[in-house]
1. Quick check on this structure: which one of A:263, A:299 is in contact with a helix residue (DSSP H, G or I) (Cβ under 6 Å, 6 or more places away or on another chain), facing chain B (nearest Cβ under 7 Å), modelled with pLDDT under 95 and more than 19 Å from residue A:91 (Cβ to Cβ)?
2. For the range B:272-281, state whether one or more residues are surrounded by fewer than 19 Cβ atoms within 10 Å (Cβ to Cβ), touching a helix residue (DSSP H, G or I) at 6+ places or on another chain (Cβ under 8 Å) and within 7 Å of chain A (Cβ to nearest Cβ).
3. Which residues, taken from the range B:188-203, are at the interface with another protein chain (Cβ under 7 Å from one of its Cβ atoms), in a helix (DSSP H, G or I) and over 27 Å from residue A:197 (Cβ atoms)?
4. Can you report the number of residues in the range B:74-101 which are buried (at least 20 other Cβ atoms within 10 Å of the Cβ), closer than 20 Å to residue B:167 by Cβ and over 18 Å from the mean Cα position of the chain (by Cα)?
5. Among the residues of the range B:142-162, are any within 7 Å of another protein chain (Cβ to nearest Cβ), assigned to a strand (DSSP E or B) and over 15 Å from residue B:84 (Cβ atoms)?
6. Say we look at the range B:233-260 and pick out the residues that are more than 7 Å from chain A (Cβ to nearest Cβ) and more than 29 Å from the chain's Cα centre (by Cα); which of these is nearest to residue B:294 (Cα to Cα)?
7. For residue A:61, only one of the following conditions fails: (1) outside any strand (DSSP E or B); (2) modelled with pLDDT of 95 or more; (3) touching a helix residue (DSSP H, G or I) at 6+ places or on another chain (Cβ under 8 Å); (4) surrounded by 14 or more Cβ atoms within 10 Å (Cβ to Cβ). What is its number?
8. Filtering the range A:282-296 down to residues that are farther than 30 Å from residue B:190 by Cα and free of Cβ contacts under 8 Å to residues at least 60 places away in the same chain, which residue is nearest to the other protein chains (Cβ to nearest Cβ)?
């Protein structure tokens, strides 16, 4: 596990809890010490950690923010180029591009567990962060069945279910349900605080929940959202259109217009979304990637590997 | 208690739990039956309920949505014009104006408990909804100490603390920390669902929390937000400016700009807000309303009455 912050640390904990022989790397001495104090095998020597991975044919999981990705991939290329490789980074196309640049594409499978808190670092990690969570897994053209199965097993063993998805579609989706919520939370925090201590003192559940993720470290928010700028711009344009229409309606007629009914309908759609189980597609079978891709698009998930 | 939905029903439950002799009115037969089945003294005959209040000099609490306010105030004027009167409606200036139109201003004190869920109706009510919550209480010019003290006692006995505020400032504040979050939640639900089942299937905490209040019944959302349109328009203009600036920055430079740091700072300001305790101001003392108003503006709250 390369990077043992909130997500990487939780993967390490969950893997160990599931019986894996797992170890990790963290670049900060503090991070290493914190993980070791909790009894985990974490080291600050990337060469040692990766050489050990190469010797054991371990699955290498990259869990660093986008800005730290390139140097880590250089290390992987140098010390463990033949290991199966995945990542838990918040966007997929930029990671896939960097992986290709480092000529690590052959054994790479993208991943993204959809879980988190507004805290960060090893101290916030937990072995059950992924219990019942979605874990996006890449089914891009050219993905090999072997590393894919390793990544799928890890995600399932961490307690998650799998959502098969290709990189570009993943990035467009998370722009709307993860990156946009982050930006809205920041804006709501600022607009609310514009009402002064009186407003903040009266704030209750709707403001608290609506701004929760604004408590995330700013550098992390930028590292999550900004590499996905094209898709995020589309999502921002959409919400600006919706809010402007509601604003203009309210100003002209005193009513928020269609937005309230539409929002209620879509939140209900989310609440009642059925995640149906994909069965009968075996990694490596003819057309397995296309079939998983299609199933994922239609709301299908994998809860076991046959 | 006139109206026994989520808020009114919770006030009735909390008052009874605190030892009050309390009874209620609900206009729907279903609502009356549900409350009675739980052992509460609720009736569908407004004349009987209010005549009993008049005979007992009971504190009358109005807990109906804005659109249902005027007929209820007509009934109060007719059957219990001399009772102390308060309300738990989400805006204060429009309620105060309606109260004045019905010539009920002399014994009126505005109120607004800052608590709720996305559910509604008696079934969602609970006696501990207001435990540890803020309860805005009117300190507008001309408020009389007697009914004010009755309202303050009720709120404290329901487990809340008091935030003294005048109507116009209350409405501007809640536009930012309650009505704006509702509108954003609706818009986020629509923008997220625009990504289809794949996006909704990947949605996790940030989307779930950011859209939570979009599950509120649409009629109720409109009844909460639309009577506060002037203040809500200001808040919407603010957030449209913030989001547009972030969007333009992202498009031009790849960075979300100042918004992320500002949002983090303001969410932290909210998390660490100190609600200091107002002491030494007695209802009816010289300048008590001005002093409470000033203290409330500066973040002061009342946790007891001397």
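1. Numbers: A:263 fails: modelled with pLDDT under 95.
Just a single option satisfies the conditions, and that option is A:299.
2. Yes, the range B:272-281 contains a residue that is surrounded by fewer than 19 Cβ atoms within 10 Å (Cβ to Cβ), touching a helix residue (DSSP H, G or I) at 6+ places or on another chain (Cβ under 8 Å) and within 7 Å of chain A (Cβ to nearest Cβ).
3. Within the range B:188-203, the subset at the interface with another protein chain (Cβ under 7 Å from one of its Cβ atoms) is B:188-195, B:197-203.
Filter once more, so that each one left must be in a helix (DSSP H, G or I): B:188-193, B:197-202.
Scanning the range B:188-203 gives B:189, B:190, B:191, B:192, B:193, B:197, B:198, B:199, B:200, B:201, B:202.
4. 2
5. To start, the set of residues in the range B:142-162 that are within 7 Å of another protein chain (Cβ to nearest Cβ) comprises none.
Checked against the condition, which is being within 7 Å of another protein chain (Cβ to nearest Cβ), assigned to a strand (DSSP E or B) and over 15 Å from residue B:84 (Cβ atoms), the range B:142-162 yields no hits at all.
6. Going through the qualifying residues, I end up with B:258.
7. Single failed check for residue A:61: (1).
8. Residue satisfying both the conditions and the ranking: A:287.
The values are calculated or read from the model by the stated rules, or taken from the named source; none is laboratory data. Note that this is a predicted model, so its numbers are computed, not measured. All Cβ positions, even for glycine, are placed from backbone atoms using ideal geometry, and neighbour counts span all protein chains on display.
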